[in-house]
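See below for the structure under consideration.
The values are calculated or read from the model by the stated rules, or taken from the named source; none is laboratory data. The structure displayed is predicted, hence computed values, not measured ones. Note: ideal-geometry Cβ built from the backbone for every residue, glycine included; neighbour counts use all protein chains shown. For the accessible areas, the whole protein counts, side chains as well, though only heavy atoms, and no ligand, DNA or RNA atoms are used. Shrake-Rupley method; radii C 1.70, N 1.55, O 1.52, S 1.80 Å.
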Amino acid sequence: MNIIKNRKQLPSFIKIEKNIDVNKLLNCFKTFVHSQDNISATCGTPYLSDNYLQMTLTSAIEDMKYVRDKEDERCYGKLNEEYQGTYVEDILNTFKSKYTRVRIIKKKPCSYILPHIDYDTTYSVRYYIPLQTNPWAMTAVQNNEVVDVMNLKADGSMYFVNPGLPHSAWNFGKEDDIRMVVSVNGQDDLPNI
């Protein structure tokens, strides 16, 4: 088990080799229905362009708790019925830390999310699994005065993107940028750094 590190002790990005079959995972989402959980609806909306779409894969598993008047995403973790017994569940079960809030983000061409901070890494950790991308789909994280920009490749890897630092993403390409975002309780899936 890793020692819990706060946002300032972790880098902007970490690429983690996972050997995920991105085509098989993408095929689990042939029907994309835009849906926002309460967290996205209340906190994320001011930062999103109109064509930045989300689809929730999990719901709350217990009575909702609140942190600073916002839903505690650590209370999520019940995989929606249509994804139980699928490759989605297989991938989620490979995480050492318990998965909580999971969603698909589809950034249509010319979409973005403005710079924002979600939470410290001692609260929760978030991983991105790119399923489809293009060279003009970028993610940026500001670490001190430096802005690190990365194109997250849909090559079967997953990426830790530091949610405790200002970060943003955009798609200025001609094709959709699609990724699965997995929040977990704990840092057991981070490599020792």
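For the stretch 43-50, check the following and say yes or no: at least one residue is in contact with a Cys (Cβ under 9 Å, 6 or more places away or on another chain), within 24 Å of residue 142 (Cα to Cα) and either at pLDDT 80 or above or of a type in the set (Gly, Ala, Ser) (or both).
In the first step, residues of the stretch 43-50 are kept if they are in contact with a Cys (Cβ under 9 Å, 6 or more places away or on another chain); the result is 49.
Next, only the ones that are within 24 Å of residue 142 (Cα to Cα) stay: 49.
In the following step, the residues that additionally are either at pLDDT 80 or above or of a type in the set (Gly, Ala, Ser) (or both) were identified as 49.
Yes, some residue in the stretch 43-50 is in contact with a Cys (Cβ under 9 Å, 6 or more places away or on another chain), within 24 Å of residue 142 (Cα to Cα) and either at pLDDT 80 or above or of a type in the set (Gly, Ala, Ser) (or both).
Suppose we keep only residues that are in contact with a Leu (Cβ under 8 Å, 6 or more places away or on another chain) and open to solvent by less than 10 Å² (accessible area, probe 1.4 Å) within the stretch 165-189. Which one would you say is nearest to residue 6 (Cα to Cα)? Spell out the reasoning first.
First, the residues of the stretch 165-189 that are in contact with a Leu (Cβ under 8 Å, 6 or more places away or on another chain): 168, 178-180, 182.
Imposing the further condition that a residue be open to solvent by less than 10 Å² (accessible area, probe 1.4 Å) reduces the set to 179-180, 182.
Working: 179: 25, 180: 23, 182: 18 Å.
Filtering first and then ranking leaves 182.
Would you say residue 157 is out of contact with any Leu (no Cβ under 9 Å at 6 or more places or on another chain) and on the phi < 0 side of the Ramachandran plot? Break it down stepwise before answering.
Values: out of contact with any Leu (no Cβ under 9 Å at 6 or more places or on another chain): yes; on the phi < 0 side of the Ramachandran plot: yes.
Yes: the conditions hold for residue 157.
Only residues that are part of a strand (DSSP E or B), open to solvent by 10 Å² or more (accessible area, probe 1.4 Å) and among the aromatic types (Phe, Trp, Tyr): list them for the stretch 120-149, please.
128, the sole residue that qualifies.
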